[in-house]
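Chemist: The structure that follows is given in the form of structure tokens.
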Amino acid sequence: MNEELRHSSAHVFVDDPSAPVLTSDDAHHLSAVLRLQDGESVSCSDGRGAWAMGEWKGKGVVPVGEVHFEKLPQPELVVAIAPIKGDRTDLVVEKLVEIGIDRICILQPVERSVVRWQSSKIDQIMKRYSRIIRAGAMQSRRVFLPMLEGPIPLARFTGAGVAFAEPGGNAQLEDVSTLVIGPEGGFSPNELLLAQAHLDLGPSILRAETAAMVGAARMVAHWRR
């Protein structure tokens, strides 16, 4: 990671890093929650790879450096997850962002899904996940804002580069850029047939949220070295 980004006192997303304008929520967070003092460094990104350094002044950020442009990492790393009971999906989404996943996909209910949302609540839930992704990307100083998709049917996750997390799988990390995590009860035998590859995540039985984090960390460690 770039040292300026790493050591900034805060990181925000703005439309134009060369002339940063904060949202009222971000301004409040920096002033009232983080309690930044005048002169502290704040990195600003457009979420599409452009970023610049600035300084906190009063209630805003004043640019102090040139705009840098990062290349989009390849391949795109994707994790698809079946929603988990309680607030554990929120935790998974947050940690996938911090680990470095580029796209997070929420699965439609599969055969063994415990969580089945009412259609009237889907938009509200996805908006919450978007807020979590943005906050996680600010925390981890990311200059590309991870994408969110869903709910998506499991049948869309087929083809090269896709693997389902499953004990005993023999897929190799160099062949996996999209990892699909099942619900608490795992995938059914019929669902496992949809995948061309299965990725084993270790010798122990993992909770769904743990499997998502372990799989994500392994992919990022392999592809982003």
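Chemist: Taking only pairs six or more apart or across chains, which ones have beta-carbon atoms under 6 Å, a first residue in the range 29-52 that is at positive phi, and a second residue that is surrounded by fewer than 17 Cβ atoms within 10 Å (Cβ to Cβ) and in a loop (DSSP other than H, G, I, E, B)?
Modeler: If the second residue must be surrounded by fewer than 17 Cβ atoms within 10 Å (Cβ to Cβ) and in a loop (DSSP other than H, G, I, E, B), the pairs left are Gly49/Glu70.
Chemist: Report yes if Glu66 is within 9 Å of the chain's Cα centre (by Cα) and more than 21 Å from Glu166 (Cβ to Cβ), otherwise no.
Modeler: So Glu66 fails the test.
Chemist: Any idea which of Ala50, Ala80 is closer than 30 Å to Leu199 by Cβ, surrounded by 14 or more Cβ atoms within 10 Å (Cβ to Cβ) and modelled with pLDDT of 95 or more?
Modeler: Ala80
Chemist: Somewhere in the range 81-96, is a residue outside any loop (DSSP other than H, G, I, E, B), within 15 Å of the chain's Cα centre (by Cα) and over 30 Å from Phe187 (Cα atoms)?
Modeler: no
Chemist: How many residues, within the range 75-89, are of a type in the set (Gly, Ala, Ser) and under 9 Å from Ala208 (Cβ atoms)?
Modeler: Counting residues in the range 75-89 that are of a type in the set (Gly, Ala, Ser) and under 9 Å from Ala208 (Cβ atoms) gives 1.
Chemist: Examine the range 134-146 for a residue that is in contact with a Leu (Cβ under 9 Å, 6 or more places away or on another chain), under 20 Å from Gly86 (Cβ atoms) and not charged (D, E, K, R), and state whether such a residue exists.
Modeler: Checked against the condition, which is being in contact with a Leu (Cβ under 9 Å, 6 or more places away or on another chain), under 20 Å from Gly86 (Cβ atoms) and not charged (D, E, K, R), the range 134-146 yields at least one hit.
Chemist: Of the conditions (1) out of contact with any helix residue (DSSP H, G or I) (no Cβ under 6 Å at 6 or more places or on another chain); (2) not assigned by TED's automatic domain parsing to the domain that holds Pro189, Arg131 satisfies every one except a single condition; which number is it?
Modeler: Of (1) out of contact with any helix residue (DSSP H, G or I) (no Cβ under 6 Å at 6 or more places or on another chain); (2) not assigned by TED's automatic domain parsing to the domain that holds Pro189, only one is false for Arg131: (2).
Chemist: Go through the residues of the range 183-192 one by one and say whether even a single one is closer than 19 Å to Ile104 by Cα and not in a loop (DSSP other than H, G, I, E, B).
Modeler: Within the range 183-192 (the criterion being closer than 19 Å to Ile104 by Cα and not in a loop (DSSP other than H, G, I, E, B)), the answer is no, since none of the residues qualifies.
Chemist: I would also like to ask the following. Kindly provide the set of residues from the range 126-141 that are buried (at least 18 other Cβ atoms within 10 Å of the Cβ) and either modelled with pLDDT under 95 or within 10 Å of the chain's Cα centre (by Cα) (or both), ordered by number.
Modeler: Within the range 126-141, Tyr129, Ile132, Ile133, Arg134, Gly136, Ala137 qualify.
Chemist: Still on this model: Under the condition of being under 22 Å from Ala197 (Cβ atoms) and either under 11 Å from the mean Cα position of the chain (by Cα) or charged (D, E, K, R) (or both), which residue from the range 142-163 is surrounded by the fewest Cβ atoms within 10 Å (Cβ to Cβ)?
Modeler: Checking each candidate, the answer is Glu149.
Chemist: Here is a follow-up. If Ile205 passes every condition in (1) surrounded by 15 or more Cβ atoms within 10 Å (Cβ to Cβ); (2) over 13 Å from Glu111 (Cα atoms) but one, which one does it miss?
Modeler: (1)
Chemist: Looking at Ala160, Ala216, Ala208, Ala195, which one is modelled with pLDDT of 95 or more and not β-branched (Val, Ile, Thr)?
Modeler: Exactly one residue qualifies, and that residue is Ala216.
Chemist: Among what's in the range 18-27 and is in a helix (DSSP H, G or I) and surrounded by fewer than 13 Cβ atoms within 10 Å (Cβ to Cβ), pick the residue that is farthest from the chain's Cα centre (by Cα).
Modeler: Of everything passing the filter in the range 18-27, Ser24 is farthest from the chain's Cα centre (by Cα).
Chemist: I've got another one for you. Go through the range 204-225 and count every residue that is without any contact (Cβ under 8 Å) to a residue 40 or more places away in the chain, assigned to a helix (DSSP H, G or I) and under 16 Å from Glu174 (Cβ atoms).
Modeler: The number of residues fulfilling the criteria is 1.
The values are calculated or read from the model by the stated rules, or taken from the named source; none is laboratory data. Since the model is a prediction, treat every value here as computed from it, not as a measurement. So basically every Cβ, Gly included, is an ideal-geometry build from the backbone, and we count neighbours across all protein chains shown.
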